[in-house]
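Shown next, in structure tokens, is the structure this report addresses.
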Amino acid sequence: MKRGGRALKLFLGVAIVAFGLVRYFGSQEENPYTGRTQAISLSTEEEIAIGLQNAPIMADQHGGMHPDQQLQDFVAQVGKKLVDNTIAQETPYPYEFHLLRDPKTVNAFALPGGQIFITYALMERLETEDQLAGILGHEIGHVVGRHAAERIAQSELANTVATGAQVGADAGILASQLGQTVLLKNGRGDELESDDLGVKFMLEAGYDPEAMIAVMHILKAASGRQHVPEFQSSHPDPENRIQKIKEAIERYRGN
Ligand SMILES: [Zn+2]
């Protein structure tokens, strides 16, 4: 009887994990803008709604919007130029670009659905419009690449796998390792894809893509003194990123 109970638990655990995997891989679709196949469980409408819902919360965490309307307009104008001249224009997302008041945290980030932010601490370190375009291009890349929606699908899978692991204790170790590997691998890939798309968007919008390399150096210098959450945290090392950016510039210039 006891033995049977263990077998049943293991069976249920494996079944839950299998269900999660089938759902995850069943939600694979090709991103029409990047050509990459990814697992997505949200509709574009849901992405936009999540972004709009969280925008004020994120803004509050960074001291709200910067009061200088001219600077706000400038950020919006560079963002619009990037959107209007690239494939971003064909996506269903209503892009909005915001300058946050935060004078301390060097950061830029994108919420799903097109809400894009840069802090004043990062803005004041930039020397040229092209560098700002590099940052915004990278963030537009996260939106077009649907990276947040992809992470949500991945964490749903990881949660299901964790549940399965708890139910079927014996299958647990393997299952939880699988969940983590999937999560970590894609985090790094997101950043490289966004750098790559950022370079492409910059060229298409008439910006100098070499400015993206300057941005990397600015971020690297800033991270020596303080925390740089979005651009640095789970990222591939900066030298590797710069090498990939150089390759992307060569590749897209050749076309
Ligand atoms: Zn990023």
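The values are calculated or read from the model by the stated rules, or taken from the named source; none is laboratory data. Remember, predicted model here, so these are calculated numbers, not experimental data. Every residue, glycine as well, gets a Cβ built from its backbone with ideal geometry; the counts of neighbours run over all protein chains shown. Surface areas here come from the heavy atoms of the whole protein model, side chains and all, with no ligands, DNA or RNA. Shrake-Rupley method; radii C 1.70, N 1.55, O 1.52, S 1.80 Å.
Stretched out fully, how many nm does the piece from Gln28 to Ala49 gain, at 0.36 nm a residue minus the Cα gap?
5.4 nm
Between Glu124 and Leu12, what's the calculated FRET efficiency when r is the beta-carbon distance and R0 is 45 Å? Round to 0.05.
Values: r = 56 Å, r/R0 = 1.24.
Using R0 = 45 Å, I get an efficiency of 0.20.
Once you've got the Cα coordinates, tell me which of Lys81/Lys246; Lys104/Lys200; Lys81/Lys104 are over 25 Å apart.
Lys104/Lys200; Lys81/Lys104
Could you pull out every one of the aspartates and glutamates with an alpha carbon less than 17 Å from that of Lys80, ignoring same-chain neighbours closer than 8 positions?
Output for Lys80: Glu90, Glu96, Glu129, Asp130, Glu139, Glu204, Asp208.
Mind giving me the FRET efficiency for Lys244 and Thr37? R0 is 25 Å, r the Cβ-Cβ distance, nearest 0.05 is fine.
0.75
Using only protein heavy atoms and a 1.4 Å probe, report how much of Leu71 is accessible, in Å² to the nearest 10.
50 Å²
At what distance in nm do the modelled label points of Ile57 and Leu71 sit from each other, each positioned 7 Å from its Cα along Cα→Cβ?
2.6 nm
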